[in-house]
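Where a number appears in this text, it was derived from the coordinates with a stated rule and is not lab data. In this text the structure is predicted, and so the values were computed from the model without any measurement. Because the Cβ atoms are built from the backbone with ideal geometry, glycine has one as well, and the counts that use them run over all protein chains shown.
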Amino acid sequence: MRKIINSTYISLDGVIENPQDWTSAYFREEAADHARDLLFSCDALLMGRRTYDGFAEAWPAMERATGDFGVRMNGIAHYVVSDSLKKAGWNDTTILRRNEAAARIAKLKEEPGLNLLQYGFGPVTRTLVRKGLLDELRLWIHPVIVGGGKPKDLLNRADFAASFELAGTQAFKTGVIVASYRPVKA
């Protein structure tokens, strides 16, 4: 059975939004290797609408700068959970409507293939955790306090709680720690 792995960048003060503004100083060879290994262990991306919009705009133009990583990002299957998206234009993208998403994602996990990768932590991730579909959460903890994060910018939400157990850690020379967790089944 395929696993769903979530990969989320987070600051010391819990900010997860706009990582492009505060992570680049920490993205060196070790982080690039880890990100590459993760991406190439998967053959599909699972996204919410906001992540999809950002990725669909940025990644098609990044193949030249990122080489095989960009080719992989653009070439694997993409699944976006959205009720408002009418047509998806980023390569092989399937739109999953919110009311059917959990059931469709559960079926994707049963299909043959590599793992499913999700970047960022938002409504889709919370649904995956609630439905018992998320297998691993990788938090890339960056040694920076972003400051000024609004409630929508933070990992936590008042209506969401979950327990996890540590599955492993990897520390990079830049001070980034990737902490991998498995959800504890209720």
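Summarised in one figure, the compactness ratio Rg/Rh of the chain, Cα atoms and Kirkwood Rh, is 0.93. What does the charge count around Arg72 come to, taking other residues whose C-beta lies under 15 Å from its C-beta (Lys +1, Arg +1, Asp -1, Glu -1)? My count for the surroundings of Arg72 gives -4. Converting phi to 3J(HN,Hα) with the Karplus coefficients 6.51, -1.76 and 1.60 and the offset θ = phi - 60°, the stretch 176-182 yields 6, 10, 9, 9, 9, 10, 10 Hz in sequence order, with x at every glycine or proline. Each Lys or Arg adds one and each Asp or Glu subtracts one; over the other residues with Cβ under 12 Å from the Cβ of Ala179, this totals 0. Evaluating 6.51 cos²θ - 1.76 cosθ + 1.60 at θ = phi - 60° for every residue in the stretch 38-45, the Karplus couplings come out as 5, 4, 6, 8, 10, 10, 7, 10 Hz, glycine and proline recorded as x. How many angstrom separate the Cα center of the stretch 69-118 from the Cα center of the stretch 145-186? One Cα centre to the other: 23 Å.
Rounded to the nearest whole Hz, the Karplus-based 3J(HN,Hα) values (6.51 cos²θ - 1.76 cosθ + 1.60, θ = phi - 60°) of the stretch 89-98 follow the sequence x, 8, 6, 8, 10, 10, 8, 10, 6, 3, with x at glycine and proline. Which one, Ala101, Ala56, Thr66, is farthest towards the positive end of the dipole of the stretch 1-118 when Lys and Arg carry +1 and Asp and Glu -1 on their Cβ? Ranked along the dipole, the leading option is Ala101.
Only DSSP H runs of four or more residues enter the estimate; each adds -39500 (n - 2.57), and after division by the residues of the chain the mean residue ellipticity at 222 nm equals -8500 deg cm²/dmol. In plain terms, the chain is cut at each of the trypsin sites (Lys or Arg not before Pro) found in a DSSP loop with at most 13 other Cβ atoms within 10 Å, and the longest leftover piece is 29-85.
A straight chain from Arg130 to Ala162 at 0.36 nm per residue would run longer than the Cα-Cα distance by 10.7 nm.
Taking a Cβ cut-off of under 13 Å around Glu57, the surrounding Lys, Arg, Asp and Glu residues balance to a net charge of +1, with basic ones at +1 and acidic ones at -1.
Dipole magnitude for the chain: computed about the Cα centre from +1 point charges on Lys and Arg Cβ and -1 point charges on Asp and Glu Cβ, it is near 640 debye. Shown for Glu30, Glu17: other C-beta atoms within 10 Å of each C-beta, ranked fewest to most, produce the order Glu30, Glu17. Partner lysines whose Cα lies under 28 Å from the Cα of Lys131, excluding those fewer than 8 positions away in the same chain, are identified as Lys3, Lys86, Lys87, Lys107, Lys109, Lys150, Lys152, Lys185.
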